[in-house]
Every structure is written in structure tokens, then in C-alpha cells.
Amino acid sequence: MLIFKQLILGLLLPAVVGGGIFILAKSLTSKRESEHKQDWLSGGLVAVALSAGYIVGYIGLESLPPFPPREGVHWLCYLAIIGLISGAFWHASRWGRLIGQIGLSIVIPRLLLNSAFKYTWGQFEGVIWWMCLAVAIFIFWHIVQESFTILPTGGSSPFVYFGLSGGTALILAVSGSLRLAQHAGILVAIFAVSWILTLVGQRSENKWQAFSLGASPVVALLLSGLWMNGYFYEEVPAMSAMLLAIALFLAPVGRIEKIQQLGARRSTVVQIGAIALPVVIAIGIAVARSGLFGESSGY
């Protein structure tokens, strides 16, 4: 029963649901539509694909979350819902998008880490953590949006996020949080099927661009939620969490002139390799900290 729950409900079903909606999103985005309408359809429906896939996987693993949430992990389902709603309106207004980002970046740490604010931190310490996390989420969210245009067209974006969520799942697992690792595994399954479908779609006349701005709320909020849960409520090393968060900041490496002179394929490999390096180091630190290969060392 446990294997069924993990593999079928936690991996296969989210991949099927997310992949099905992803196909619908790209099928409805045709050359005959205006560019703005393409952005709205693709961005909104891809956000639906990512969030619906995760919500299905969450319910399969946890059942319906309580309201109000009692644990940090319960907020992950609600973050997917918030990302879904935000993604549907993400192309409506640039100022509205900016205000939404700022507001959610401020509110989410306070909600997700409510027990830490109440029982762990003093008032001053809590305010410092709150400010730092709000700024970190806002910046990370911004770099997620930028990555959709900085990364080469095609399957690069879902492949990068497949690797980032896979690294997150592995770090959570070796850090002793199999429960959170399963939630990261839901994202691994969704990004994997998005990558495969995008590669297949590249062979058609109307080549697919995997993600647009509308998908950024779901991606940024869920990854941020997993990392905050892992660091503050579990045993994820601080350095591993930081390296995961900054990995995407290396995406602009592909725009360096000397890298571009290598050619499209080689520059893409260098760009993805640069993003993967912090993730690999983060995994190594978590493994060393876990003591799997001997005595653990502190980081």
C-alpha cells in the first residue's frame, strides 16, 4: 500500500494530470492567435498544469490539508493554489504583478513559519528573519521569471527545474525528511513529463516554449516552501539550502560572449552545467552531513 501511494499517487498521477493539462495548454496556443493571447493561454494553463499536478500528488500523499494549516508542510498545497490563482492573472498588469510579488513575498514566510515566530524567535530576531526571507523570496521569484527567457528555448527550462527539484528531493531524503522528499518528488515527476513533452513538441512546426511568466508563481512558491520547510523544520544544512536557492543566478552565464561563441549546443551545456554545479555541491554537503559515509561534519 505504501509503495502504491508513493509511486502511483505521488508520482505517476501528478505526471499524468500535469502532462495532460500541459499538452492542452500548448495545443491551444497556435500561430493564429495574437502574441498577448498566446502568453495568457500558455502562461495560465501551464500554471494550472504545474499546480494541479502538485495538488493531486499532495492529496494522494497527505489527503486534504487542514484549514488553517497546522504544520509547515500543509502550506505547500495552499502555495500551489495561490500560485495557480496568481498565474492565471500574471499577464494582466506589470504593476499588479510587482505588487502581488511583494505582497506574497512578505506574507508567506510569516504564515509558513508561524510556529518559529511564536515559539523559537524573539521579536527582534523574528523581524530580521522575516525581512531577510521576504527579500530572498522576492529575488528568487524574479530570477525564476528571468530564467524562462535566459535559458535556451525548448526543453532547457523544464530540464533545469527537473534537476533542481531532483536535487531538493535527494537533499531532503538524506537529511532525514522522507515526507518532504516525496513532495519534492511530485515536482520531479511534473517537470520530467514537461521536459519530455517539450522535446516531442519541438519536432512540430509550431515549436513549443515550455514555460512563460505565468508559470513562475507556482515554481517559485513551491520550491521556496520546500526549502523553508527543509531548513527550519527539518535537518537540511544551511549551506545546502543556500546553494539550491542561488543555483539559478548562474543562468546568465549563457549570455557571456565567449560562451555564446562555442555554439548553441555547447553554450547550453555550459549554462546548464553552471546551474547544476551548486546543486551537486549542495547534495554533497547534505550527504556528508548525514553521516552516510562515516562521521558527519558540521556545515
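A few remarks follow.
- If only the Cβ of Lys and Arg carry +1 and only the Cβ of Asp and Glu carry -1, the dipole of the chain around its Cα centre is close to 580 debye.
- Which labelled figure in [x] 0.96; [y] 1.01; [z] 1.06 is Rg/Rh (Cα atoms, Kirkwood Rh), once derived from the coordinates: [x]
- For the chain, a Gaussian network of Cα nodes joined below 10 Å ranks G167, G72, G96 by mean-square fluctuation, and the top entry is G96.
- Principal-axis tilt of helix 264-290 within the chain, Cα atoms, nearest 10 degrees: 10 degrees
- Split the chain at each of the GluC sites (Glu not before Pro) in a DSSP loop with at most 10 other beta carbon atoms within 10 Å, and the longest piece is 1-204.
- Among the trypsin sites (Lys or Arg not before Pro) within region 58-156, those in coil by DSSP and having at most 13 neighbouring Cβ atoms inside 10 Å are R70.
- Pairs of Cα atoms nearer than 8 Å and 6+ residues apart set the relative contact order; for the chain it is 23 percent.
- Between 0 and 90°, nearest 10: helix 13-28 axis offset from the chain longest Cα axis: 30 degrees
- Taking 0.36 nm per residue of separation and subtracting the current Cα-Cα distance, fully stretching the chain between I139 and L277 would add 47.7 nm.
- Accessible surface, 1.4 Å probe, highest first, among residues Y233, Y119, Y78, Y54: Y119, Y233, Y78, Y54
- 0 to 90° range, to nearest 10: angle between helix 123-150 axis and the chain longest Cα axis: 20 degrees
- Computed extension length for L7-W95: 27.5 nm, one decimal, from 0.36 nm per residue of separation with the Cα-Cα distance subtracted.
- Accessible surface of T120, taken over heavy atoms with a 1.4 Å probe and every protein chain present, rounds to 100 Å².
The values are calculated or read from the model by the stated rules, or taken from the named source; none is laboratory data. Here the structure is a predicted model, which is why all the values come from computation and not from measurement. When we count neighbours, we look across all protein chains shown, and the Cβ atoms used for this are built from the backbone with ideal geometry, even at glycine. These accessible areas exclude ligands, DNA and RNA; they are computed on the full protein's heavy atoms, side chains included. Shrake-Rupley method; radii C 1.70, N 1.55, O 1.52, S 1.80 Å.
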